[in-house]
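**Q** The structure follows.
Since every read-out is calculated from the coordinates, none of them should be taken as a lab result. Small disclaimer: the values here were computed from a predicted structure and weren't measured. Quick reminder, even Gly has a Cβ in these numbers, built from the backbone with ideal geometry, and neighbours come from all protein chains shown.
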Amino acid sequence: MSVEGTIGPVPRGGTWAAVRHAVCGSRAARVCAGVIALFVAAALYGEAVYCWHRWRDQTPSYQRVHLDERYLPPSVLRRSRPTAESNTGTDQRPMGVRRLLYRPLGTDNLGRDVLQRLIQGARIAFLVGIITATIAIPIGTALGCLAGYFGGRVDDGIMWLNSTIAAIPGLLLVLAVAMVVGKGLTGVYLGIGLTTWVGLCRIVRAEVLKQREQGYVLAAKVLGYGSFRILFRHILPNVAHLALVTFSLRFPAAIGTEVFLSFLGIGAQGEPSWGVMLSNARLRLWQGAWWELTAVTLAIVLVVLAFNLLGDRLRDALDPRVS
Amino acid sequence: MRYVLRRLMQSVPTVFGVLLVTFVLFHVVSGSPAVLVLGQNAAPLSLEEFDEQKGFNKPLLAGRWVRTRAFADADFHKRVDSLDEIEGVEHVRSGAGAGWLKIRQGGVLPVPLAFPLRSHTAYRWEMAGRLAEGGEAVWITRFAGGREKTNTLAAASSRGRIRVDVPACDAAITEARLVVLRGEMDLRHLRLRRAVPRWWDSQLVFYFRQLARLDLGVSAATNQPVARMLAEGLGPSLALTVPIFLVGLAAAVSLALLCAYTHGGWPDRLILGVAVTLMSVNYLVWIVVGQFVFAYKLGWFPVWGFESWRHLALPVLIGVISGLGADTRFYRAIMLEEIGRDYVRTAKAKGVKPFGMLFRHVLRNAMIPISTHVAMTIPFLYTGSLLLESFFGIPGLGGVGINAINSADVDVVRGVVLVGSVLYILAGIISDVVYMWLDPRVRLR
């Protein structure tokens, strides 16, 4: 989004002030931040549930099959229908008791709670976003810094690697890496992480090229500091905001790719990722169970939209040239 | 023209890099493609034949000796159950999980081969172990036809490596055994290596020579040449992606123009909001919901197949909508940038009508960045419809690619990746040339 007529005062006081201004500066941004916070909370809760069940070494509650509760539509208040089969857990209630928010988003074809699975999906989505970023951002930043600062042969080599990876259509490369590494989330992490650093590398390189000519670098050189000290102690803090912007814009893309891969059956195995839920819900749609698909769609749209809008604002605040 | 040639020359390292990446991906990292395709429980002979056909049994970069699937490397650190029954052979444990095989005097260690080794090829057995002082052991190789050859084991070197070379012979080797005639022998591991006639004849060379013949390999699933599969898939793919591309371009540019025309007004903000929302809806959702609602519930379009234009209408519509958000936003930003320039202000001051200004001045100048962007999207015509095709049953490249990935068809995936990359590199050159052609001020060197 272009920035014409920025509303409010221009933030002063460095990167974090600009970030704070971008996140809290307008109502829309605050809503986006709130949505993201909500999803983060859901993902943390999902992680806790996941760890709890793994520690107890039992089938997680979101995987437990209740054949008598198949295809429950979403509802706020419902009469529970516990039977002998579903009474295995703590659920020792008599027939027909009204329960608030019992399976609020309905159940799927095996009677599994859609809301719980959705929360697990959020956990996996955030896991993918964070892990791919922790792979891609250090690689991209480090290579970009080295290429920009040293130039010459180093630059040629790194840019050759960069243009090579960039020349392979992204999704195909991710698919190929995921196929080679094997089905599962590891393949997804590696596939996305090892292919998406190229954009950041280019941006960082361009910025370092500019920073290299600045006075403070010359001053550091005059003081006799070594190249790596100048690069990583002095220049890096001045280009670090690019990593933040890239992270906020890559995050939704990584989530989308994970959904895609899991949908194809290459990503998450045996865990309710959003992609797995989507491919499951697609088949149930034909039987009239619309709620699972709707819930997953809304979740994806909300989180991606929030990240997109916030990422745009961050980019406008920190670096209008990045596209 | 000279510029184009130079750009082509410059892209050679990139193409080479792409080849290397695919090589590393499919030859170095991937483990055994034969196991990937044929499964864990495939017979060793069929694995060996697969490797032979695809060149996977050559050394990776260069080398004289390679493994063979006839005898998997045996490591006697751990106890091997099948050897317990044999007289004179026992497993000696030393510490946790470590140990070796001890063969007593008169003991015979049979070495079964999964299939007869080929004739006219030299083989080498590599052992790590020790023959007791004054001991004597022989390696007996049995050939097809019952002939046998006996090698006396040379005294072990200081590192305990013992080699038995079996020179090329006109009969196939069917069996081998180790006989200890005197003393005792310790054995830590046993490996079989096949001699390669030419040391430089590696997988990398095989791969490059195959590509130099424009041979992309043979699909393991359908047994068709990959090049032909890709060529056959190209037509249906283009029938789908070209309309998506054209309609999408027209729609996005006109929406962006409308945005620029009413900049700041409600249509602009509405379109922008819708565009951002459209961007955030996952591609998959469009397909699933579109297919369900329009094809199944409402019955406006056929659900599946590739027969007439009606079958294509819905996928095209979905493709356009899913790409519309991002494109509109991008083109709008370009146009707004143009509108902010001095020549637009001059035109306004001269009294040019806003509408004429938009078309004659802004659009024409915005065409330059737009067209370079368009040229860069050409490769996505090739890969962009992976899902649309497999969902709507269109026999295009996307469907081919998805099927290949699902069935781990290495050659097809590699072919799709390679062709996509080459297209991308070409598109980069085209985009630069178009840029130069449209904007005479730009002189590319």
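**Q** What does the net charge come to around B:ALA252 if you take all other residues with beta carbon closer than 11 Å to its beta carbon, with K and R at +1 and D and E at -1?
**A** With Lys, Arg at +1 and Asp, Glu at -1, the net is +1.
**Q** Please compute, for peptide B:284-290, the average count of beta-carbon atoms on other protein chains lying within 10 Å of each residue's beta-carbon.
**A** Numbers: counts 13, 10, 1, 2, 10, 6, 0.
That average works out to 6.
**Q** Give me B:TYR207, B:TYR261 ranked fewest to most by other Cβ atoms within 10 Å of their Cβ, as a rough exposure proxy.
**A** B:TYR261, B:TYR207
**Q** Shifting gears a bit: Between helix A:14-24 and chain A, what is the angle of the helix's C-alpha long axis to the longest principal axis, kept within 0 to 90° and rounded to the nearest 10?
**A** Result, in degrees: 30.
**Q** Still on this structure, please answer the following. Report, to the nearest 10°, how far helix A:274-285 tilts away from the longest principal axis of the Cα atoms in chain A, using its own Cα long axis and a range of 0 to 90°.
**A** 40 degrees
**Q** What size of dipole, in debye to the nearest 20, comes out for chain A about its Cα centre when the only charges are +1 on Lys and Arg C-beta atoms and -1 on Asp and Glu C-beta atoms?
**A** Taking the Cα centre of chain A as origin, the dipole is about 540 debye.
**Q** Please compute the average number of Cβ atoms from other chains found within 10 Å of each residue's Cβ in peptide B:404-416. If you can, show how the numbers build up before the last one.
**A** On the way: counts 3, 9, 4, 0, 4, 1, 3, 0, 0, 5, 1, 0, 4.
Across B:404-416, the average partner-chain Cβ count within 10 Å equals 3.
**Q** Can you give the angle from 0 to 90° between the axis of helix A:236-263 and the longest principal axis of chain A, with both taken from C-alpha atoms, to the nearest 10?
**A** 30 degrees
**Q** Mind checking which helices in chain B clear 20 Å along their axis (Cα) and have mean Kyte-Doolittle hydropathy of 1.0 or more, DSSP H runs only?
**A** Once both thresholds are applied, what remains is B:226-261, B:266-280, B:410-438.
**Q** Place a +1 charge on the Cβ of each Lys and Arg in the stretch B:131-256 and a -1 charge on the Cβ of each Asp and Glu, then give the dipole magnitude about the Cα centre in debye, rounded to the nearest 20. Working shown, then result.
**A** Numbers: 16 positive and 11 negative charges, 45 e Å.
In debye, rounded to 20, the stretch B:131-256 gives about 220.
**Q** Next question. Assuming R0 = 41 Å, what is the FRET efficiency of A:ARG20 and B:SER407, from their Cβ-Cβ distance, to the nearest 0.05?
**A** Efficiency for this residue pair is about 0.20.
**Q** When you count, for each residue, the other Cβ atoms within 10 Å and take the mean per peptide, how do B:327-333, A:116-122, A:215-221, B:128-134 rank with the highest first?
**A** Going by the mean number of other Cβ atoms within 10 Å, highest first, we get A:116-122, B:327-333, B:128-134, A:215-221.
**Q** Can you grab the distance from the C-alpha centre of the stretch B:1-80 to the C-alpha centre of the stretch B:220-253, Å, no decimals?
**A** Cα centres, the stretch B:1-80 to the stretch B:220-253: 29 Å.
**Q** While we're looking at this one, here's another question. So for B:MET357, B:MET9, fewest C-beta neighbours within 10 Å to most, what's the order?
**A** B:MET9, B:MET357
**Q** Also, quick follow-up: According to a simple spin-label model (label point 7 Å from Cα along Cα-to-Cβ), what is the distance in nm between B:ASN41 and A:SER75?
**A** 4.8 nm
**Q** Determine the sum of side-chain charges near A:LEU285: Lys and Arg each +1, Asp and Glu each -1, restricted to other residues whose C-beta is under 14 angstrom from that of A:LEU285.
**A** Numbers: positive: A:ARG282, A:ARG284, B:LYS297; negative: A:ASP108, A:GLU292.
Neighbourhood net charge equals +1.
**Q** For peptide A:181-192, compute the average count of partner chain beta-carbon atoms within 10 Å of each residue's beta-carbon.
**A** If you average over the peptide's residues, the count of other-chain Cβ atoms is 1.
**Q** While we're here: Most mobile of A:ARG78, A:ARG313, A:ARG112 per a Gaussian network model of chain A (Cα springs, under 10 Å)?
**A** Most flexible of the set in this elastic network: A:ARG78.
**Q** Same structure again: Per DSSP H run of at least 4 residues, take -39500 (n - 2.57); add these up for the protein assembly as shown, divide by its residues and hand me the 222 nm value, nearest 500 deg cm²/dmol.
**A** Calculated mean residue ellipticity at 222 nm is -18500 deg cm²/dmol.
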